[in-house]
Amino acid sequence: MKKFKEQVLESLELPKNAFHPLVHIIGNPDIGKDTYIGLFSEINANKATVKIGKNCDIASFVAINCADSHKLTIGNSSEIDRKDIIIEDCVFIGSHSFIGGYTKIGHHSVIGAGTVLINGGEIPAHSLIVGNPPKIKEGYYKNK
C-alpha cells in the first residue's frame, strides 16, 4: 500500500524535477548549478527564455512567470504575452515574491519577501529590491 505522501504527490500530477516534488516547472528554464528552489514555487518558462544563474536561493512560494494573459482574458489580444526573464548568479528571492517577464536581475542581488516585479527591466548587480511597487536600492550590497 502506498504511503499518504506518495498518494498526494501522484494525485497532483506535477512533472518530476531535481528540486522538490512540490515545485512546479513549466517549459525548459535554464537553471544553474547549486541553485535552490523552495517548496510550492513555480517557474513558468513556456515559450520564452527563463535563465536562473548558479548559487541562487529561491524561497518557498515564489512565482517566476514569463507569461501575462490579462490582455487575452479581457479581449485586447489574441495571444498570451511572453517575455524573457534573466536572473544572474548568486541572487536571493524572498518568499511570496513574483518575478514577471521582461526582468533581468543582476548578480548578488536580493529580492525581499513579497516583492512584485512586473516588466522590471534591468536591475543592476548588488541591488536590494523590496515591495510592491518595488523600490530598487542600486549597489546596496556592493561593499557589504
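Listed values, structure above:
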item	result
Lys, Arg +1 and Asp, Glu -1 on Cβ, resulting dipole of segment 86-144 about Cα centre, debye, nearest 20	200 debye
Members of 51/104; 54/104; 54/135; 104/135; 16/51 lying beyond 21 Å, as alpha-carbon distances in this model show	54/135
Between segment 82-144 and segment 1-66, the alpha-carbon center distance in angstrom	19 Å
Computed [θ] at 222 nm, helices only, for the chain once each DSSP H run of length n ≥ 4 contributes -39500 (n - 2.57)	-2000 deg cm²/dmol
For the chain, with +1 on Lys and Arg beta carbons and -1 on Asp and Glu, the positive-most of 43, 86, 127 along the dipole	127
Dipole magnitude of segment 1-133, debye to nearest 20 (Cβ charges: Lys/Arg +1, Asp/Glu -1, about Cα centre)	200 debye
Mean Cα-pair separation over length for the chain, i.e. relative contact order, pairs under 8 Å, 6 or more apart, %	14 percent
Answer label for Cα Rg over 2.2 N^0.38 Å (calculated), chosen among (1) 0.99; (2) 1.17; (3) 1.10	(3)
Carbon/sulfur fraction of accessible area - segment 1-117, other protein chains in place, 1.4 Å, %	54 percent
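The values are calculated or read from the model by the stated rules, or taken from the named source; none is laboratory data. These numbers were taken from a predicted model, which means no experiment stands behind them. All Cβ positions, glycine included, derive from the backbone under ideal geometry; neighbour counts span all protein chains shown. These accessible areas exclude ligands, DNA and RNA; they are computed on the full protein's heavy atoms, side chains included. Shrake-Rupley method; radii C 1.70, N 1.55, O 1.52, S 1.80 Å.
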